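Reviewing the structure listed below.
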Amino acid sequence: MSNLHTHNSNLNTSFYFAAMQFKDIVGQEAVKKHLIQTVKDERISHAQLFLGPEGSGSLALALAYAQYISCEAKLANDSCGECSSCRKYSKLVHPDLHFSYPFFAKHKEDTALSFIEEWRKAFLANPYLGLDEWRDQLSAENKQSNINIAEAHSIIQKLSLKPFESEYKVLILWLPEYLEKEGNALLKVIEEPSQKTLFLLVAQNQEQILNTIISRTQIVKIPKLKNQEIEDFLVRYKGVDASTAAQLAYLSNGNLQIAQHLLVHQENDYHELLRSWLGACWQNNGLKIVELSEGDLSKMGRENQKNFLRYGINLMRESMLFMAETPGLIHLPEKELEFISKFSQILNLAKAEAIAEELEKAHYHIERNANPKILFLDVSLKLVRILKFNTLRHTADSIILL
């Protein structure tokens, strides 16, 4: 990852690549090894489906793979990054590299090429981008994204051409989930492509892809990133302290895109704030509860409030696993693990579930612009009743707060 550079480390989600090489990609060592071996063994399948959750690096891996295949001076485990092909790949301007992606058509004849400059800018700024970030780049507002029939015909036309410079011509199709019946127009070119054509689809949800397309591709499964990999990235390339990095990695749940988003919006130490809040509720400390509800909790901004509540929800779920004595399923930073081991002494499964439900409701209402002072005071009083007075009753189907 020597080409990866910090960019406004605590103010910007984006990070920049001097080249799209395997070494630039966070984690995924097993996948990289597999992809490199297919090239060495000359077993490059003409149609492959890179299937991985958002923020796992599947799109970056597809491009690094294509760059490695096209590299004019391959190294043992990576492209050289310096040849003419690599330099063009690094700017996404190689004549044999094509992209397709969902877009928000203004005219029925619009294709991905209509938005190629915006795509290059967005991708080079963040190869881990999600659809929401891409939507923001296009100022799409509430328009529906899709890959239209004009784009399907454009793909067929592109892939009918012979390579200009490289041995292979490559099409990377991001989010084929947004191909509906138009995708059937691509079946023939996927199943019987012209010679030396590489068709790389990058998807997040297999169930939303046309079965006729899945059956014609070789699937490359890409797992979500490990918390430690995200934590190391934040510390090394974003200048984040270890404690904050561990917290953000935990909240991101293997999604580097979310980790970067959280980094921009995090203004508070969620752990210390949650400890203080739950402590005040446990002690039924009315003055402290009002102080927190009208102060830190209500003033941190909507994105921070959502992230804080998500952090609390995750900790309650981990607490339930802890109380159920399933240590193998618990993956927490040291500080959080110490907290739930102590906090679980005053909890039971019913209380933890009830708290998680209240935090989920609060998250829902924050998303819909509820008044934060009123909301957090109301939630605080409910948490007091759960923690201090044990006012829970059981029904056959659920736990209801009295």
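Tabulated values for the structure
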| item | result |
| --- | --- |
| Pairs beyond 19 Å (Cα-Cα), from K88/K221; K74/K169; K351/K382; K351/K373; K121/K226 | K88/K221; K351/K373; K121/K226 |
| Share of pairwise Cα separations in the range 129-188, more than 20 Å, in percent | 40 percent |
| Assigned charges on the beta-carbon of Lys, Arg, Asp, Glu; the chain dipole about Cα centre (debye) | 140 debye |
| Cα convex hull volume per residue for the range 166-288 (Å³) | 183 Å³ |
| Whole-Hz couplings from phi, Karplus 6.51/-1.76/1.60, listed for the range 41-48; x for Gly and Pro | 8, 6, 10, 7, 6, 6, 9, 10 |
| Convex hull per residue volume in Å³, alpha carbons only, for the chain | 159 Å³ |
| Positive dipole terminus of the chain, leading residue within N77, F308, V235 (C-beta point charges) | N77 |
| Footprinting exposure proxy for M316, M300, M323 (fewest neighbouring C-beta atoms within 10 Å first) | M323, M300, M316 |
| Value of [θ]222 nm, deg cm²/dmol, for the chain, DSSP H segments ≥ 4, -39500 (n - 2.57) each, nearest 500 | -14500 deg cm²/dmol |
| Listed residue (A203, L377, C281) projecting farthest to the positive dipole end of the chain, Cβ model | A203 |
| Unit Cα scatterers, Debye sum, the range 4-223: log10 I(q)/I(0) for q = 0.17 Å⁻¹ | -1.31 |
| Net dipole in debye of the range 4-223 [+1 Lys, Arg Cβ; -1 Asp, Glu Cβ; about Cα centre; nearest 20] | 400 debye |
| Antiparallel bridges, percent of DSSP beta bridges restricted to the range 4-223 (to nearest 5) | 15 percent |
| Sorted by Cβ neighbour density within 10 Å, fewest at the top, the residues L225, L377 | L377, L225 |
| Cβ-based charge dipole, the chain, positive-most Cα from S298, Y168, S319 | Y168 |
| √(5λ) per eigenvalue of the Cα gyration tensor, the range 50-118, largest first, Å | 27, 16, 8 |
| Residues C71, C83 arranged by fewest to most Cβ contacts within 10 Å | C83, C71 |
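Each reported figure results from applying straightforward, stated rules to the coordinates on display, with no laboratory input. Note that the structure is a prediction, hence the values are computed from the model and not measured. Backbone-built Cβ (ideal geometry, glycine too); neighbour counts: all protein chains shown.
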